[in-house]
Each structure stands twice: as C-alpha cells, then as structure tokens.
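Report on the following structure.
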Amino acid sequence: MGARILGIELRRSVAMPAALVIAAVGVFVLFASNPPYRSWMELVVVQRDIMQLTWPLALAAGAWQGIRERRSRVEELIATTARPRPQRVLPVATAMAIAAVVAYLVMLAGGTGHLRHPDGYFPAGAVPLIALGALALVAAAWLGLAIGALLPSPLTAPMLVVIAFLGLAVVPPMLRDQDRGEPGAVLLLPFLQGPRDGGYELQVLSARANLSQALWLVAVAATGLALLAAARTATRVAALLPVLLGAAIAVPAMPRQLAAAWVADPRATEVVCTRDEPQVCIARMHSYALDELSGPARQALSVLAAKLPPAPTRVMLRTFGDGRDDGRPPADTLLAFVSPDDDVLARTPDDLVEIMLDGAGVPPCPNLPGASPGKVISGGSRPDAEARYLAARRAAGAWLLDRDPEPARAGEELDVTLARQALDALHALPADRQRARVAALRDAERTCAPGDRLDLLTGTSGTR
Amino acid sequence: MRPLVLYLRSRAAPATAATVLGCAVALWALGLAIDHPQGRVLTALLTALAATIALAPGLAGADPDLDRASAIAWPPRRAAHIVVAGAVVAALLAATALAGQQMAGTGHIARNVAGLAGLVALGAAVLGAARAPLLPVIWTVLVLRYAPPMGEPPTRPAYKIMLTWMVQPPDVRSATVTAVALAVAGTLAYAVLGSRRS
C-alpha cells in the first residue's frame, strides 16, 4: 500500500522534474565555474559550495509541491478525508527526499566528467561531505514542503529561491570577523566553502564539524517534516522544537573558527610505491601519475648511474608542505618535491626528469637561504644568496642532463644567468674534475653542510 | 472605470501591488543595512527579480474559457497589462532612491526589470502563469555566480555578455540590447498567445 502510493507520488509529483532541474543546474555550474578539478576532494567541496544555489532550488521544489492541493483546488476535499495528515503527507515527503538525494548524486556523477583524474585518490573524508550535502538537500525539500503548506501562495516557491539565495549571500560576510575569519557557526549554513588557504587536496573536514553539521541538518529536516505533518497550531509550535534543540546542541559543538574545522589528511600525503624495479614512490594524492612516472624515473636514475655513480635505486616524489619528516633522504633514494596542486601528468617527461635531477637528485636543504620546500617563487628580485643556491642546484641538474638550463621564468632571471656561468666554468674543466665537483655538491647537499654551493661547483672558494 | 477595476481584481492586482510594495520597502531597508557596494548591486538585482516575478500569477485569469468566450480584443490588453505592470515595478523600485541612498541607478533597475518582465511574460506564454517565474529565476540564479561578490561579469565574448546581461554594468550596450529584446519578445508572445493553460 505504502509503496504503491510512493510510486504514484514519484510519478505524479514534482519530485523527478525537480531533481532533473537541480541536477542540471548543478552540473552546469560545476562545469562552468571552474577549470577541471584536480582532485576528488576539490570536486566534492565545490559541490557543497554551490549549494548556495542548489539549496534554494530544493527549497522551492518542496514549496511548489507543498501548495499542490491549493493549486488544484482540492484542499477542502482532501481535508475531509479520514486519513490522518501525517500518514497522508509521508509518501510525498519520501518522494521529495528521494528526489533530493538522486539530484545530489546525479550532480556528483555529472561533475566527475569535469574531474581530471577520476582514478585518483578518493579520500575517506569525502564520503561524509557527500552524505551531508544530500542530507542538506533533503532538509531543504522538507522545509519547503512545510512552508508551501503553511503559505499556499503561487509566489511562495519563486520568492523562497530569491530570499534563500539572498540570505545565503548576505549572511556569511556579516558573520565574518576581520581578524579571526569566519566563526564555526557558518557550518549551520547549508553550503560549505573549502579551506581558505585553498589546499583542498591536503585537508578534510574534522569529524567534529561533520557530526555537528549532521545533527543540525537532521534537526532542520525533522522540523520540516513535523511542520508538514502537523494539523493544529499547537503541534506546529511543537514542531519547532527539533530545530531549537539541534541549534542548542550543534552550535556549542562546532569548532569556534571555521578554519579549525579543516584538518590535515595524513593519508593524502603518504607515499605509495610501485612494486617493480626501479621503485617509484609518490604522494597518494598524485598516485594517478605512478605509471607515467616510471619512464622519467628510470631515465633520471640511469643518468645518475652513468655520470655520477653510485646512483640511488629509488625515486620518491613528495609534496611540499606535507608535514612529514624533513630529514635528509638515504643515499639510495632520489627525493624530489612537487607542489600539492601540481598536476603531475600535465608536465612533460623531460620536465619531470629535470625536477628529479635538480640538485643532483637531492632535495634543497631547509637550513640554507630561501631554500625551504614549498616556498612559492614569486616575481621580483630575490636575495642574492638564495639565487646563488638555486642556481648551483640548477646547474648540477643541467650538467647531468647535458643541456642548457631552462629559459628563465619571471623572477628567476638571476638564477639562470648564474647557472649558465657556473655551467660554463664547469665545462672548461677535464671530465673527472667536473664529476668530482658535482659529486662534492651532492655530498654537501646530502649533509646540508653550510657553505656556498655555487663556489663549490665553480671552484672559486675563498673569493667570497 | 468599473471594467478596469473588475479586471484588476480578477488578476489579483491588489495582492501583486502589495508584494511589489513590500519588495520596494525591502530594497530600501536593505539599502540601509548593507553598505558593501557589491552587496548592494546583488541586493538590487535580487529585489528587482522578486518584484518582477510577483507579476506572474496575475498574468492568467481565474477561468481561461470565460476569457476566451467573451467578445474582448485580448492581445492589446495583455500587452498593456505587462507593459504597465513592468513600468510600475521599475518606478516603485527606482522611487526608493527618494528615501535614502540609491542601491542601483535608475537605468540599471529599468534594464533589469524590463528584461526580467519580458522573461516572466515569455514564461507565462510557454509554461503557464504559475510556472512563469521559473525562467527568470533559474537564469538569474545561474548568472549570479558571475555577479560581483562571487565573481566578475565576463567582458567578452559577446555571447557571454548577452547571457549575463543582468549582472553587467549599466552602460554595457549589448546587455541593454538583450534586455530590450527579451522585453519585446516576451510582451509579443504573451500578447498573442496569452497564458498557457496549466
């Protein structure tokens, strides 16, 4: 009986057309507002972010459904039936909930078409984000049903879109504190913005934030359903209880600042390795590139074996700022760094080899000037010592590959000029002296011994 | 005079007028509360949208068969209805400038109300009066991702300017042309076809 009515409601109510419209709008915005997503986490967070748009639409769909009886002028007729109101509204509420969940999942499925690496790392922390997004849409649909039933005007649905959209656009800036950023209470709003520092790939929402948000959304949905099912004024007032209770529990449970709700995802930066020789390892978030890396890795290792033995046997690409131990790598490991938002596959194999062989395959020393990994190289002139250090590393890579240093990008002109000079000085020497100089640089880099690396390479120590 | 009063009553003009007035008051009140310039532009657009979609239910009478059977030339009257209603909405919203600092220029309001009213009329002709707000609401909401607080309106190519006409600055010619074209098309479609029966 119940299933049959539900089937009829699914076919005859606005549920499925609304799901279609919401999913279509969502997919359009997912595609149109951003370049292809680099990671699953980015897609999932952006889908939550655009709920600023999809949430009001779900609210309006509910309201449109909620005024159905008035629109068809059967309100009084239906009110005379003996069936209690809660039983009567349950099938339509279920149909709208199904529509909301379907809309959210279809939107996500459509969004994967705009994902660069669908086979990439899917963090466990994305699952609650998806589930809470679907739950928020269900809450919106049920709240809309209740509002439509209480205010059965033809303008209710469109006005709800405008009011909800305006509210969601205007309220967060009002809550924002100039110094401390957004308070944790913005988690009460249905949409979720990614971490302010943009590191989607490295972070997940904390369990505490997810749980308090889930509690709040369940409370909103419960209030919507209870308001819809209530037939008398007293029960309607009582129906507001869940949302008040939910707010009373969820708000204190939420983190005080929104920034604190985002926590590091250690699994994303863990390295995963290939089984076959030579072993290639990369952070899990870039694991989609593992197969394509083996060629450049083999090339880098063979270059090292030919020109600078003993060569390492393992290549590891880690992520800047992954918060892991920055100790020096063992001699059998070639360690290089890429940036977390770097699409490893977008780089050419030559480029990858160059990254691996920078500094003769040893990562920059954190104790030397301006060489901290993860530092973004911006335009403008940088301190001389920093340029000299990076130039020496660059020259060592270019010597190994027997090619000119790469043409300079903005802000790197000095490095490249210095690297070219060093390379010329190096090439003027006999072959075994050249190798000795580069090996000396590699040894110095391995131990992070202080001293000017460019002098080490050109043999002009003492002039500075 | 009496036929006009009866017509207005049959088309829910009092309720519509009350809603539009409410929107104008809301625009004025929000103008006092919001002082961020980009937030003001967004609010002005959304209030214009709310006030314009309030016209939708009045685009159909209670009984389409009765309307059809009467010996009245409906097309010019329908055209007059949407034109006068749009003008009243634009005038009321622009009048809020008299009572405080202006949220958006009169030309800006007039362009957006004209284009949105055209969309409402088009929606009534194609989808029926009850569903008429769907068209302007979805379009505006989609375009708002490019409105100033969230993003910048595109400046080229031409088709993107035309698709985002409601968030373009007031002096952009092709945006104005798009709004006027929508107004004319909507008025004509509604005048000729009337509200679709739902």
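Values in this text are rule-based calculations from the coordinates and carry no lab data. Keep in mind the model is a prediction, meaning the values are calculated, not measured. Here Cβ is always computed from backbone atoms with ideal geometry, including for glycine, and neighbour counts include all displayed protein chains.
Worth pointing out:
- Size descriptors for region B:88-166, from the alpha-carbon set: Rg then Dmax equal 14.1, 39 Å.
- Distance from the Cα centroid of region A:48-98 to that of region A:136-162 is 8 Å (rounded to whole angstrom).
- Short-range pairs are left out: with C-alpha atoms under 8 Å and at least six residues apart, the relative contact order of chain B is 27 percent.
- Packing, as the average of other Cβ atoms within 10 Å across residues, places the peptides A:112-124, B:65-77, A:252-264 in the order A:252-264, A:112-124, B:65-77, highest first.
- Three-way shape label, region A:417-463, alpha-carbon gyration tensor, a/c 1.5: oblate
- Among A:133-144, A:172-183, A:46-57, B:14-25, the order from most to least packed when residues are scored by Cβ within 10 Å on average: A:133-144, A:46-57, B:14-25, A:172-183
- For the protein assembly as shown, B:Cys23 stand unpaired, since no other cysteine beta carbon lies under 4.7 Å from theirs.
- Whole-Å distance, taken between Cα centres, linking region B:1-24 and region A:238-283: 53 Å
- Per principal axis, descending, Cα span of the protein assembly as shown in whole Å: 109, 57, 41
- Kyte-Doolittle mean at least 1.0 and Cα axial length at least 20 Å: DSSP H helices in chain A: A:15-32, A:85-111, A:126-150, A:156-175, A:207-229
- Neighbour-count ranking [beta-carbon atoms within 10 angstrom, fewest first] of A:Tyr288, B:Tyr7, A:Tyr389: B:Tyr7, A:Tyr288, A:Tyr389
- Across chain A, Cα pairs under 8 Å and at least six residues apart give a relative contact order of 13 percent.
- Distance between the 7 Å Cα→Cβ label points at B:Ala185 and A:Val171: 3.6 nm.
- Counting DSSP beta bridges with both ends in region A:271-343, the antiparallel % (nearest 5): 25 percent
- Calculated Rg and Dmax of region A:209-262 using C-alpha coordinates, Å: 13.3, 43
- Descending semi-axes in Å of region B:62-110, equivalent ellipsoid built from Cα gyration tensor: 35, 10, 7
- Bridges between two residues of the protein assembly as shown, per DSSP, are antiparallel at a rate of about 40%.
- Overall form of region A:180-232 per C-alpha gyration tensor (a/c, 1.5; a/b vs b/c): prolate
- Comparing B:Ala60, B:Thr96, B:Ala124 along the charge dipole axis of region B:58-145, the residue lying farthest to the positive side is B:Thr96, per the Cβ-charge model.
- With the gyration tensor restricted to C-alpha atoms of region A:123-190, the semi-axes of the equivalent ellipsoid amount to 27, 20, 8 Å, longest first.
- Residue-averaged beta-carbon neighbours from other chains (10 angstrom radius) around A:151-157: 5
- Angle in degrees between helix B:134-143 and the longest Cα principal axis of chain B, rounded to the nearest 10: 10 degrees
- The mean number of Cβ atoms from other chains found within 10 Å of a Cβ in peptide A:427-433 is 0, as a whole number.
- Given their separation in residues at 0.36 nm each and the Cα-Cα distance between them, A:Ala79 and A:Val237 gain 54.8 nm when the chain is fully extended.
- Chain B: angle of helix B:106-127 to the longest principal axis, Cα-based, in degrees nearest 10: 40 degrees
- Inter-chain neighbour count for B:128-136: the average number of beta-carbon atoms from partner chains within 10 Å of each residue's beta-carbon is 3.
- Taking label points 7 Å from Cα along the Cα-to-Cβ direction, A:Asp432 and A:Val272 give a separation of 4.7 nm.
- In chain B, the longest principal axis of the Cα atoms and the axis of helix B:37-53 are about 10 degrees apart.
- Computed from the C-beta positions of A:Ala331 and A:Asp291 and an R0 of 30 Å, the FRET efficiency is 0.70 to the nearest 0.05.
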